[in-house]
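The values are calculated or read from the model by the stated rules, or taken from the named source; none is laboratory data. All of these numbers come straight from a predicted model, not from anything done at the bench. Cβ atoms come from the backbone with ideal geometry, glycine included; neighbour counts cover every protein chain shown. Protein only, heavy atoms only, side chains kept; ligands, DNA and RNA dropped before computing areas. Shrake-Rupley method; radii C 1.70, N 1.55, O 1.52, S 1.80 Å.
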Amino acid sequence: ELKVEQNPLFLSMQEGKNYTIYCNYSTTSDRLYWYRQDPGKSLESLFVLLSNGAVKQEGRLMASLDTKARLSTLHITAAVHDLSATYFCAVDIRGGSEKLVFGKGTKLTVNP
Amino acid sequence: DTAVSQTPKYLVTQMGNDKSIKCEQNLGHDTMYWYKQDSKKFLKIMFSYNNKELIINETVPNRFSPKSPDKAHLNLHINSLELGDSAVYFCASSLYGSGLAGGSDTQYFGPGTRLTVL
């Protein structure tokens, strides 16, 4: 059974600082997704990572994928308050149906 | 233009009642999904339909019955509601969903339905 582990689960940081969220998964997968969820809101797609070494960047967020280590990272650069949200990674199960298995989420709070 | 919409947004009901949640997508996607997000924010897939055909049925009590009248709609009917059913239910859709996609197959989520069972 595919397991997806994120850490940390809670992250409180100061504006202007850098930090990384980690996402480990247990079996081979084709695709890894990062989503953002604001309190009481839906999930918003941030990145899709499809291959080993893939790197995607949008603003202060950068995601990378190492399929050999079964590890993805979401790096936050010079955090701002607007980045406060819960971030989920999700991994699909290789072959067959498109079934996403989500990590437990990382609740990020950026303090002024 | 809402891509994935759900109704109702909030649902408060008594134990033992039967209720339905509706979902519609206007993205032209082939596959739709139901997820449950519990109080700890953990998201778990319940069902998926590809072009009206049931593809994924996770270990969900048979009190939950999805119905897809066409590929743009996926409804969720819940019988004999229990306290533990209280959660936020998200509908999502993706273009392929059949494992045939060679590239990304991002799932787009609806706004969620917060179900509270008293």
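Just the residues that are aliphatic (A, V, I, L, M) and closer than 18 Å to B:Asp85 by Cα, please, taken from the range B:12-60.
Correct list: B:Val12, B:Met15, B:Ile21, B:Leu43, B:Ile45, B:Met46, B:Val60.
Taking B:Gln6, is it touching a Cys at 6+ places or on another chain (Cβ under 8 Å), within 11 Å of another protein chain (Cβ to nearest Cβ) and buried (at least 16 other Cβ atoms within 10 Å of the Cβ)?
When the stated conditions are applied, B:Gln6 passes them.
Tell me whether the range A:101-109 contains one or more residues that are surrounded by fewer than 16 Cβ atoms within 10 Å (Cβ to Cβ) and in contact (Cβ under 8 Å) with a residue 40 or more places away in the chain.
yes
Hey, among B:Glu53, B:Glu82, B:Glu58, which residue is within 10 Å of chain A (Cβ to nearest Cβ), among the acidic types (Asp, Glu) and farther than 25 Å from A:Phe47 by Cα?
B:Glu58
Yes/no per residue for (1) in a strand (DSSP E or B); (2) under 29 Å from B:Gln14 (Cβ atoms); (3) touching a residue at least 24 places away in the same chain (Cβ under 8 Å):
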| position | (1), (2), (3) |
| --- | --- |
| B:Trp34 | yes, yes, yes |
| B:Thr59 | no, yes, no |
| B:Ser65 | yes, yes, no |
| B:Leu74 | yes, yes, yes |
| B:Thr106 | no, no, no |
| B:Leu115 | yes, yes, yes |
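With within 28 Å of A:Glu1 (Cβ to Cβ), within 13 Å of the chain's Cα centre (by Cα), open to solvent by 10 Å² or more (accessible area, probe 1.4 Å) and modelled with pLDDT under 95 as the only criterion, which of B:Tyr49, B:Tyr96, B:Tyr33 stands out?
B:Tyr49
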